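A.B. asks: First the structure, then my questions, so here it is.
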Amino acid sequence: MKIVLRDCPPRAAWTLEQAGVHPLLARLYAARGIASTDELDDSLARLLPPEQLLGADQAARFLADAIQQGRRLCIVADYDCDGATACAVALRGLALLGARPGTLNYVVPDRAVHGYGLSPAVVELAMQQRPDVLVTVDNGIASLDGVAAARAHGLDVVITDHHLPAMVNERVVLPDATVIVNPSQPGCGFGSKCLAGVGVMFYVLLAVRAELRARGVFTPLQQPRLDTLLDLVALGTVADVVKLDANNRRLVAQGLKRIRSGKMHAGVAALFAAARREPSRASAFDFGFALGPRINAAGRLADMTLGIECLLTDDPKRAAELAQTLDTINRERRDVEAGMREQAEAMLEMLIPAGDAPSALAIFDPEFHEGVVGIVASRLKDKLHRPTFVFARGQDGLLKGSGRSIPGFHLRDALDLVSKRHPGVLKKFGGHAMAAGCTLAHEHLQTFERGFQQVASEWLGPELLARTLATDGPLDPQWFAPEVVQVIEREVWGQSFEAPVFSDEVEIVSQRIVGERHLKLTVRHSGTLREAIWFGRSEPLPARTVLAYRLSLDEFNGAQRVQMVVEGAAADRGGP
């Protein structure tokens, strides 16, 4: 690993500090492209207006009509945290806006049975609810056959999504839906292309409320408070690992403020309790590593209905029961994932000579579980710094693969090129730059692997295949204080707005293995002894090394102390 320093424009840091920003935060923000305090304004008034989102006005008129006419609406959800929170936001929001009791329902695909998105099979599932309208959340933009099946049943279809549309013969093809709201669709000039699925649905609700207000249904003072949904919006946004641009940071910041003040839905509170996290100190880290995985576990190993119901109930006791069930499923997920990861790593050791990993990886084993292939792909990608696909056999006998990528390698575009070079190999595929999925027959696995590796070898040069860790450089000893850690934790960090990681040369005073696979360290940093831990690392470190680390509060017997959580180590620290 090469540890490098982020560029921090000194004038920007000075400007922020002079405007009253904490000196350390000023430096961190400047290194992430923030040049003025205006960019740090997280008030709701600074959100991009809904009318800029293509299709939002049309969806508002259609859904306002549907609400006033008492039409039956069925939300078609997805089986991840973004889809679950988007479903809960849709149902709660539409009810706030006047949808009559009994007119709102939802369906969510079973990962193993239905696959992803609005398929014809999911349409048949939804038909059991006798709907008039299907409203997709976090899916639908590429569901050409599913939308056609719904229209054949006489249903209207409103698509709210954020994924990329389907490509047919190198042309973007949109489904024949009644309305499409998606910042990634052609012609949409919305200023944030990075909305999560739950963010898109929240924006649609804002537009519907504005339409009903214009019709005289609500006055500005009497209109429903949609900001009550922001704890769910924030959770889904962070859990889906979308880019935290300024607009998304505002959504997340507002959700965190509500949670810290005790204003959250019963299911969110129950998930905090199940994860043993304190809502008054809620952070984006909690969403990504505590609450999100527990909801995702339901879609991976069980039924996402459990996760959605946890977010829908207003009964604290029921919420606690569901959160505990999700916690149990998540523990099972961890065990399954750990076994698969060990198995995959053993396969790699046999197949790949030391230091000679190919430009991309494709791993399959008959014992792999379809529900956790994405997590295992992410772990292997992190370990080897290579685009990685992990496959499991689905109930239909086909191989279902989930991939994760590294910077500089657009995974969905790579799949598109593989499909063109090897027609018929990929039965279907889709996704984003950093994460994607595909389906193929077992007999085509080797062809896919060769094609995938060929694309990677063409697109990835040595500089992209070299693992680097960007850091914020040395940390002055004065900032090793619990109150400073709390200041950092209260800010919104995430994808493309990474949490602070510092780097310093230290002397290793002592090191030992704890919990079988974690390296516990005592280091001398700027003349002071400090405690550090490197999770998942068992190999010893040399006497002097450069550590990349983040700060964490370690609490014991009511006392707090600052701990260095190591993210990487290197012989030296490079430049930007």
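What follows draws every value from the coordinates through simple rules; no lab data is involved. None of the values given here were measured: they were computed from a predicted structure. Cβ: placed from backbone, ideal geometry, glycine included. Neighbour counts: every protein chain shown.
A.B. asks: What residue among ALA290, ALA456, GLY374 has its Cα farthest toward the positive end of the dipole of the chain, where the charges are +1 on Lys, Arg and -1 on Asp, Glu, each on the Cβ?
C.D. replies: ALA290
A.B. asks: Can you tell me which of 33-42, 508-517 comes out highest on packing, and rank the rest after it, using the mean Cβ neighbours within 10 Å?
C.D. replies: Most protected by this proxy first, the peptides run 33-42, 508-517.
A.B. asks: Which residues does a label at LYS243 reach in segment 185-228, if reach means a backbone N under 12 Å from a point 7 Å past the Cα toward the Cβ?
C.D. replies: Inside the label zone: 191-195.
A.B. asks: Pulled fully out, how much extra length does the chain show between GLU170 and SER510, if you take 0.36 nm times their separation in residues and subtract their Cα-Cα distance?
C.D. replies: Between GLU170 and SER510, full extension yields an extra 116.6 nm.
A.B. asks: On to the next question. Given labels modelled 7 Å from the Cα in the Cβ direction, how far is it in nm from ALA35 to VAL487?
C.D. replies: 2.5
A.B. asks: Further question: I'd like the distance separating the alpha-carbon centroids of segment 1-21 and segment 99-161, in whole Å.
C.D. replies: Centre-to-centre (Cα) distance: 47 Å.
A.B. asks: How many angstrom lie between the Cα centre of segment 276-292 and the Cα centre of segment 168-222?
C.D. replies: Segment 276-292 and segment 168-222 have Cα centres spaced 29 Å from each other.
A.B. asks: How far apart, in nm, are two points set 7 Å out from the Cα along the Cα-to-Cβ line at ARG276 and at ASP335?
C.D. replies: Result: 1.8 nm between the two label points.
A.B. asks: Kirkwood hydrodynamic radius of segment 468-570 from all distinct Cα pairs, in Å?
C.D. replies: Averaging 1/r across every pair of different Cα atoms and inverting gives 14.2 Å.
A.B. asks: Right, something else. Just subtract the alpha-carbon distance of LEU553 and SER496 from 0.36 nm times their residue separation and send over the number in nm, one decimal.
C.D. replies: Length difference between fully extended and current span is 18.1 nm.
A.B. asks: To the nearest 0.05, what FRET efficiency results for LYS428 and LEU44 with a Förster distance of 45 Å applied to their C-beta separation?
C.D. replies: It comes to 0.70.
A.B. asks: Over the Cα atoms of segment 2-78, Rg to Rh with Kirkwood Rh, two decimal places?
C.D. replies: 1.31
A.B. asks: So, one more: Which net charge results when you count Lys and Arg as +1 and Asp and Glu as -1 among the other residues whose beta-carbon is under 11 Å from that of ARG393?
C.D. replies: Net of charged neighbours comes to -3.
A.B. asks: Now for a different question. At a temperature of 37 °C and a viscosity of 0.692 mPa s, determine how fast segment 416-514 diffuses translationally according to Stokes-Einstein, using the Kirkwood radius over alpha-carbon pairs as Rh; express D in µm²/s, rounded to the nearest whole number.
C.D. replies: The calculation lands on 178 µm²/s.
A.B. asks: Also: When the label point is put 7 Å from the Cα of LYS193 along its Cα-to-beta-carbon vector, which residues of segment 206-245 have a backbone N closer than 17 Å?
C.D. replies: Counting backbone N atoms under 17 Å from the label point, the list is 242-245.
A.B. asks: What FRET efficiency would be calculated for the residue pair ASP365, ARG517, taking the C-beta separation as r and a Förster radius of 22 Å, to the nearest 0.05?
C.D. replies: Efficiency computed from Cβ-Cβ geometry: 0.50.
A.B. asks: Let me ask something else. Run a plain Debye calculation on segment 45-328 (Cα atoms as equal point scatterers, no solvent) and give log10 I(q)/I(0) at q = 0.07, 0.09, 0.13 Å⁻¹, rounded to two decimals, same order as the q list.
C.D. replies: -0.22, -0.38, -0.82
A.B. asks: What does the charge dipole of the chain about its Cα centre add up to, to the nearest 20 debye, if the Cβ of each Lys and Arg holds +1 and the Cβ of each Asp and Glu holds -1?
C.D. replies: Working: 63 positive and 68 negative charges, 125 e Å.
Magnitude of the dipole: close to 600 debye.
A.B. asks: Using the Kirkwood formula over every pair of different C-alpha atoms, what hydrodynamic radius in Å results for the chain? Provide the component values of the computation, followed by the final result.
C.D. replies: Working: mean 1/r = 0.0398 Å⁻¹.
Hydrodynamic radius (Kirkwood, Cα only) of the chain equals 25.1 Å.
A.B. asks: Can you pull the semi-axes for segment 57-171, root of five times each eigenvalue of the Cα gyration tensor, sorted largest first, whole Å? Intermediate results must be reported in sequence, preceding the final value.
C.D. replies: Values: eigenvalues 96, 46, 42 Å².
Equivalent ellipsoid semi-axes, largest first: 22, 15, 14 Å.
A.B. asks: Also, I was wondering about something else. Plugging the Kirkwood radius over Cα pairs into Stokes-Einstein for segment 155-303, at a temperature of 25 °C and a viscosity of 0.890 mPa s, what D comes out in µm²/s?
C.D. replies: The estimated diffusion coefficient comes to 143 µm²/s.
A.B. asks: To continue, here is another question. Among LEU235, HIS385, GLN185, whose Cα sits farthest toward the positive end of the charge dipole of the chain (+1 at Cβ of Lys/Arg, -1 at Cβ of Asp/Glu, about the Cα centre)?
C.D. replies: The listed residue farthest towards the positive side: LEU235.
A.B. asks: Based on the Cα coordinates of segment 352-465, what is the per residue volume of their convex hull in Å³?
C.D. replies: 96
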